[in-house]
Amino acid sequence: MYMKISTLGIIPLTSFPFPYKYLIAVGFYFFIKSQISKEEKVISKYDYLLFLPAFFYGILRTYWYIKLHTGLDKDIFWNVYKTGFFTYNEYVYLIFNLLLLSLTIKFLTRYKTQIRGTKISQKNWEWLLKFSYVFIVVIIINLVLAVIVHIVGDLYNGIVYSIILILNSIYIYWVGFESLTKSNYLFNTFRLKNQDSIEGKTPSVLAQKLEYYMKVEEVFKNKNLKLSDLAYLIETNEKELSLFIYESFEMSFSEYINQSRIEKVKTLLKNEDQKKYTLLAIAENAGFSSKSSFNAVFKKVTGLTPSQYKASYKN
């Protein structure tokens, strides 16, 4: 409109019949449901009925669009406006969006405890819930402002429209900022726990095996331990193990191994039999390959140098 582009080739753009208002919340509803793996089949065939309002409104707008641009009725939109149709349509689409957002929040709340995974997965799911709550607040504000416009009349229509534009812009920029800084929140594939399986009631086999090899076998003592080695022992692949460690402990594989080594060092320092050994010997026993790496990791994890920690423990 501002660029005065009225056609796209031979297609007139004025009052183009795209029913986007009835597609905003529907698209969001499907976006949220699509975050769960397709194998879970949370999108039913009945969900597609939600496109019907957009379909019928699109047909109606197409009819008016044809009448306008064929010259059959150049005042068609003005005549419809005088009936109050567009005002009431504003209420209808906002209420429709409000209901869909309510369904979205109900869906997110319902499946919150069924998401498979640990800390990271839960945080991602909670962010989607937060995202939806903010969205529903924006829609409610838009609905309230639409009512105000209806009450005060066209005199203040421009002011209220500006407020709506500013609020919607703030929401869009907030979503953009969150998407850039927390992109891993937006595009995930969640899986649901099988309520009838053991997995939904006890720790996963992967967690049990990892705990066994780390706490019982203490494989971290191997100075050359690699992700592929541990994945082989646990009978999984590197990608799955790396993701599991990150979701469970919010650490990379190397951070997780070093954390285990530091805990071992701290345990050995408390052991009376270890007093005859140097710090370097204890570090090597825990799996560190050099004094420099041991000192750097120990300071990063505990905030103290090994000597400071040993002295503080004695005190």
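The values are calculated or read from the model by the stated rules, or taken from the named source; none is laboratory data. In this text, all values refer to a predicted model and were calculated from it rather than measured experimentally. Note that we place each Cβ from the backbone using ideal geometry, even for glycine, and neighbour counts take in every protein chain shown. Remember, those area values only see protein heavy atoms, side chains included, never the ligands or the DNA or RNA. Shrake-Rupley method; radii C 1.70, N 1.55, O 1.52, S 1.80 Å.
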> Given the conditions (1) over 26 Å from Leu145 (Cα atoms); (2) at pLDDT 90 or above; (3) open to solvent by less than 20 Å² (accessible area, probe 1.4 Å), and given that Tyr22 satisfies all but one, which numbered condition is not satisfied?
Replying inline: (1)
> Any idea how many residues of region 77-112 are part of a helix (DSSP H, G or I), closer than 27 Å to Phe16 by Cβ and not β-branched (Val, Ile, Thr)?
Replying inline: 19
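Quick check: anything in region 222-241 assigned to a helix (DSSP H, G or I) and over 30 Å from Lys123 (Cα atoms)?
The answer is no; no qualifying residue exists.
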> Which one of Lys112, Lys106 is over 12 Å from Tyr29 (Cα atoms) and surrounded by fewer than 14 Cβ atoms within 10 Å (Cβ to Cβ)?
Replying inline: Lys112
> Mind checking whether some residue in region 206-225 is modelled with pLDDT of 80 or more, closer than 28 Å to Phe28 by Cβ, in contact with a Leu (Cβ under 8 Å, 6 or more places away or on another chain) and of a type outside the set (Ser, Thr, Tyr)?
Replying inline: no
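Checking the conditions here, which among Lys4, Lys74 is in a loop (DSSP other than H, G, I, E, B), open to solvent by 50 Å² or more (accessible area, probe 1.4 Å), at pLDDT 90 or above and over 30 Å from Trp125 (Cβ atoms)?
Being in a loop (DSSP other than H, G, I, E, B), open to solvent by 50 Å² or more (accessible area, probe 1.4 Å), at pLDDT 90 or above and over 30 Å from Trp125 (Cβ atoms) holds for just one of Lys4, Lys74, which is Lys74.
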> Going through region 265-307 one residue at a time, which ones are more than 20 Å from Met251 (Cα to Cα) and of a type in the set (Gly, Ala, Ser)?
Replying inline: Ala281, Ala283, Ser289, Ser290, Ser292, Ser307
> Is there any pair with a first residue in region 119-138 that is free of Cβ contacts under 8 Å to residues at least 40 places away in the same chain and a second that is in a helix (DSSP H, G or I) whose Cβ atoms are under 6 Å apart and which are 6 or more apart or on different chains, and what are they?
Replying inline: Leu129/Leu108; Ile136/Leu101; Val138/Tyr171
>> Among the residues of region 228-247, are any closer than 21 Å to Ala207 by Cβ, touching a residue at least 60 places away in the same chain (Cβ under 8 Å) and touching a Lys or Arg at 6+ places or on another chain (Cβ under 7 Å)?
In response: yes
> Which pairs have Cβ atoms under 9 Å, sit 6 or more apart or on different chains, and link a residue in region 172-197 that is over 18 Å from Phe31 (Cβ atoms) to one that is at pLDDT 70 or above?
Replying inline: Lys193/Thr113; Lys193/Gln114; Lys193/Ile115; Gln195/Gln114
> Which one is nearest to Tyr88 (Cα to Cα) among residues in region 30-70 that are open to solvent by 80 Å² or more (accessible area, probe 1.4 Å) and among the charged types (D, E, K, R)?
Replying inline: Lys45
>> Can you list residue pairs whose Cβ atoms sit under 9 Å apart, with the first residue in region 35-49 being on the phi < 0 side of the Ramachandran plot and of a type in the set (Val, Ile, Thr) and the second being assigned to a helix (DSSP H, G or I) and open to solvent by less than 100 Å² (accessible area, probe 1.4 Å)? Count only pairs 6 or more apart in sequence or on different chains.
In response: Ile36/Tyr111; Val42/Lys33; Val42/Phe107; Val42/Tyr111; Ile43/Phe30; Ile43/Lys33
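Scan region 86-97 residue by residue and report those that are hydrophobic (A, V, I, L, M, F, W, C) and open to solvent by 40 Å² or more (accessible area, probe 1.4 Å).
Phe86, Val92, Ile95
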>> Go through (1) touching a residue at least 40 places away in the same chain (Cβ under 8 Å); (2) surrounded by 14 or more Cβ atoms within 10 Å (Cβ to Cβ) for Pro12 and report which single condition fails.
In response: (2)
